[in-house]
1. Across the stretch 132-187, what is the total count of residues that are over 22 Å from Glu121 (Cα atoms) and either crowded, with 16+ Cβ neighbours inside 10 Å or in contact with a strand residue (DSSP E or B) (Cβ under 7 Å, 6 or more places away or on another chain) (or both)?
2. Just to be sure before I move on: is Glu24 in contact with a helix residue (DSSP H, G or I) (Cβ under 8 Å, 6 or more places away or on another chain), under 25 Å from Val131 (Cα atoms) and touching a residue at least 12 places away in the same chain (Cβ under 8 Å) in the structure I sent?
3. Evaluate the stretch 211-229: report whether one residue or more is touching a residue at least 60 places away in the same chain (Cβ under 8 Å) and more than 19 Å from Leu103 (Cβ to Cβ).
4. Out of (1) within 30 Å of Arg125 (Cα to Cα); (2) over 18 Å from the mean Cα position of the chain (by Cα), what's the single condition that is false for Leu17?
5. Taking the condition of being farther than 18 Å from Ile146 by Cβ, in contact with a Lys or Arg (Cβ under 8 Å, 6 or more places away or on another chain) and assigned to a loop (DSSP other than H, G, I, E, B), how many residues in the stretch 66-101 meet it?
6. Only residues that are surrounded by 23 or more Cβ atoms within 10 Å (Cβ to Cβ) and either among the charged types (D, E, K, R) or in contact with a Ser or Thr (Cβ under 7 Å, 6 or more places away or on another chain) (or both): list them for the stretch 45-61, please.
7. Here are some residues: Val34, Val65, Val110, Val42. Which one is closer than 27 Å to Ala246 by Cα and surrounded by fewer than 24 Cβ atoms within 10 Å (Cβ to Cβ)?
8. Hey, does the stretch 84-106 have a residue that's charged (D, E, K, R) and farther than 21 Å from Ser136 by Cα?
Amino acid sequence: MVSNRLSAHIGYLFNQLPLESRIEAAAKAGFTAVEHPQPFVVEARQMREVLRRHDLVFSQIAAAVGDAGKGEKGLAALPGREADFREEFKRSLGYALEIGCPLIHPMAGVPEGGPGDAATETYRRNIDFAVESTASVPVKVLIEAISHAAVPGYFMSSIEAAVAVQDIFGPGNVSLLVDTFHAAATDFDVVPWISENSYRIGHVHIADHPGRHEPGTGRFPFKDFLTALQTEGYEDAIGFEYIPTATTEAGLAFLQSWKSGQWETDSQPFLNKERGFR
């Protein structure tokens, strides 16, 4: 089995609905988890109850995103914003603990001076703070490489850079989030990489390339990707963070075939039904 947890990113999916209603919609569609970078509009106690009611888990949350109104995409690599980073990280960590979320992603952001020494040192200090903060709790730090195709100037923009940071702190303290769109956008061949690096991965994001839409709308080799994950015994969450081409519901035709162990655009199933998704 590749994963027993299919996670709807409800910042992208069902986003015509209020946040709490997106959770119910995800459950009805067949997802078994949800994720959102900043779900604080729903109080933690209420979120926990909604998740329980719909038999869902919250798979990952972001931290220290910054001011979205100013276009900020994270604070971890921004010199001079360390106090803001720590305050926001603590808020997200407290929320994650209350709702049983196992992963927290401190977003790096877009430093004004680019990825120079000051940004690099700031980022490492902030990740060190995040690792220390999660050392004795059931939440793990998650790092994602976000391509410049999606966020120009983003500090943590390549899987190679994410691996280098993970090696500083160890995979027991920091996991990687591997996103199919971002990997393809940086011309990174992630399929063979998985065979030697699957132990690094704690979460996966699915979006096709180009376009960043539903799987099957572009050219990403999902059959090979998912087969590689299965071969290496990956069982953590697979999240769907894509831009729907129309409504979310209209683009979910692929979901049942994935859950039953088939990739709809191939003539042969890539997983047998006994080892499919659920």
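1. Start the filter on the stretch 132-187 by keeping residues that are over 22 Å from Glu121 (Cα atoms), which leaves 136-139, 149-150, 178-187.
Cutting the leftovers down to either crowded, with 16+ Cβ neighbours inside 10 Å or in contact with a strand residue (DSSP E or B) (Cβ under 7 Å, 6 or more places away or on another chain) (or both) gives us 139, 149, 178-186.
Counting residues in the stretch 132-187 that are over 22 Å from Glu121 (Cα atoms) and either crowded, with 16+ Cβ neighbours inside 10 Å or in contact with a strand residue (DSSP E or B) (Cβ under 7 Å, 6 or more places away or on another chain) (or both) gives 11.
2. Details: in contact with a helix residue (DSSP H, G or I) (Cβ under 8 Å, 6 or more places away or on another chain): yes; under 25 Å from Val131 (Cα atoms): no; touching a residue at least 12 places away in the same chain (Cβ under 8 Å): yes.
When the stated conditions are applied, Glu24 does not pass them.
3. Filtering the stretch 211-229 down to residues touching a residue at least 60 places away in the same chain (Cβ under 8 Å) leaves 212, 226, 229.
Of the ones still in play, those that are also more than 19 Å from Leu103 (Cβ to Cβ) are 212, 226.
Within the stretch 211-229 (the criterion being touching a residue at least 60 places away in the same chain (Cβ under 8 Å) and more than 19 Å from Leu103 (Cβ to Cβ)), the answer is yes, since at least one residue qualifies.
4. (1)
5. 1
6. Applying the first criterion (surrounded by 23 or more Cβ atoms within 10 Å (Cβ to Cβ)) to the stretch 45-61 yields 47, 58-61.
Ser59, Ile61 - these are the residues of the stretch 45-61 that are surrounded by 23 or more Cβ atoms within 10 Å (Cβ to Cβ) and either among the charged types (D, E, K, R) or in contact with a Ser or Thr (Cβ under 7 Å, 6 or more places away or on another chain) (or both).
7. Numbers: Val34 fails: surrounded by fewer than 24 Cβ atoms within 10 Å (Cβ to Cβ); Val65 fails: closer than 27 Å to Ala246 by Cα; Val110 fails: closer than 27 Å to Ala246 by Cα.
The match here is Val42.
8. Within the stretch 84-106, the first condition is being charged (D, E, K, R), and the residues that meet it are 84, 86-88, 90-91, 98.
Narrowing further to those that are farther than 21 Å from Ser136 by Cα: 84.
Checking the stretch 84-106: at least one residue is charged (D, E, K, R) and farther than 21 Å from Ser136 by Cα.
The values are calculated or read from the model by the stated rules, or taken from the named source; none is laboratory data. Source: prediction; values computed, not measured. Please note: Cβ atoms are built from the backbone with ideal geometry, for glycine as well, and neighbour counts cover all protein chains shown.
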